[in-house]
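Contents: one structure, followed by commentary.
The values are calculated or read from the model by the stated rules, or taken from the named source; none is laboratory data. Given the structure is predicted, the values throughout are model-derived calculations rather than measurements. Please note: Cβ atoms are built from the backbone with ideal geometry, for glycine as well, and neighbour counts cover all protein chains shown. Heads up: the accessible areas ignore ligands, DNA and RNA and are worked out on the full protein's heavy atoms, side chains in. Shrake-Rupley method; radii C 1.70, N 1.55, O 1.52, S 1.80 Å.
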Amino acid sequence: MNKLLADFYRSIFDSVRNLAPIVLVIAFFQIFILRQNIPDIENIIAGAIMVVLGLSLFVKGLEMGLFPIGESMAHAFARKGSVMWLLAFSFALGYGTTIAEPALIVIAEKAAEAAANGGVINDDPAALSSYAWWLRMTVGLSVGLSLVLGVLRIIKGWPVQYLIICGYVVIVVLTLFAPAEIIGIAYDSGGVTTSTITVPLVTALGIGLSSSIKGRNPMLDGFGLIALASLLPIAFMLVFGMLI
């Protein structure tokens, strides 16, 4: 218990240290450039305290829960020796974590609103909900398939740079044919998929799997899944725009 508290206090200190540059930048421009008092200072301080506590708890939760379970399941599937079950787990993990990403939920809703304002879809709740839902499903499917591709890369020992180069070539070609309204959303969707929920589990999966397979180096083969997870959603969203 004492060790847990000590680790939590250290996590709080790290969170304060990491957030300090942001606070200093905002305070500097607000006071010295804009020459305005910071508005509603009490709520800002209260919010900052909540952010520090939330970030500390989140980081500690990753260390205690998500990282170990991701690595242990990767080890277990590697020992089981069933490639099909490993690929099925990878797809389900990528799809499930992406659908749950708060950032993706927000950008899907905003994209639906922008599409309605631009006359791309009808401005009614059903159309907005359907557009946002299909956008999330498309991105979730693409991340699931990207993890399948990434796991195959680890198993086969394929160089990740070749996959990345080929992926961006495909994206550039698709961009030439995709409607202009979807291009910005497609490129942003690649970033929001690699957020608070997806990154820890995907990283743990890659490291755990590469550590379990003979001849694989976690430093060389364990990373790269996140790059693929941010790459395929761009291509899938461009196709989504051409179809929808």
Restricting the search to segment 82-102, which residues are in a helix (DSSP H, G or I), at pLDDT below 85 and either touching a Pro at 6+ places or on another chain (Cβ under 8 Å) or surrounded by fewer than 18 Cβ atoms within 10 Å (Cβ to Cβ) (or both)? V83, P102
Give just the number: which of (1) of a type outside the set (V, I, T); (2) open to solvent by 20 Å² or more (accessible area, probe 1.4 Å); (3) within 24 Å of W134 (Cβ to Cβ) does A178 not satisfy? (2)
The residue from I69, I22 that alone is of a type outside the set (K, R), out of contact with any Cys (no Cβ under 9 Å at 6 or more places or on another chain), open to solvent by 80 Å² or more (accessible area, probe 1.4 Å) and farther than 30 Å from K214 by Cβ is I22
Tally time: how many residues in segment 53-66 are open to solvent by less than 60 Å² (accessible area, probe 1.4 Å) and acidic (D, E)? 0
Please specify each residue of segment 32-52 satisfying the condition of being open to solvent by less than 80 Å² (accessible area, probe 1.4 Å) and over 26 Å from the mean Cα position of the chain (by Cα). I38, I41, A46
Using beta carbons and a limit of 9 Å, which pairs, at least six apart or on different chains, have the first residue in segment 159-174 and at negative phi and the second one at pLDDT below 95 and of a type in the set (F, W, Y)? V160/F223; I171/Y187
Report the residue count in segment 11-69 for those that are more than 26 Å from L201 (Cβ to Cβ) and polar (S, T, N, Q). 4
Neighbours by Cβ (under 7 Å, 6+ apart or cross-chain): first from segment 115-138, touching a residue at least 40 places away in the same chain (Cβ under 8 Å) and of a type outside the set (V, I, T); second part of a loop (DSSP other than H, G, I, E, B) and open to solvent by 60 Å² or more (accessible area, probe 1.4 Å): W134/I244
Confirm whether G184 is outside any helix (DSSP H, G or I) and either surrounded by fewer than 22 Cβ atoms within 10 Å (Cβ to Cβ) or modelled with pLDDT of 85 or more (or both). no
Among the residues of segment 115-156, write down those that are part of a helix (DSSP H, G or I), over 30 Å from D221 (Cβ atoms) and either open to solvent by 60 Å² or more (accessible area, probe 1.4 Å) or touching a Lys or Arg at 6+ places or on another chain (Cβ under 8 Å) (or both). N117, P125, A126, S129, W133, W134
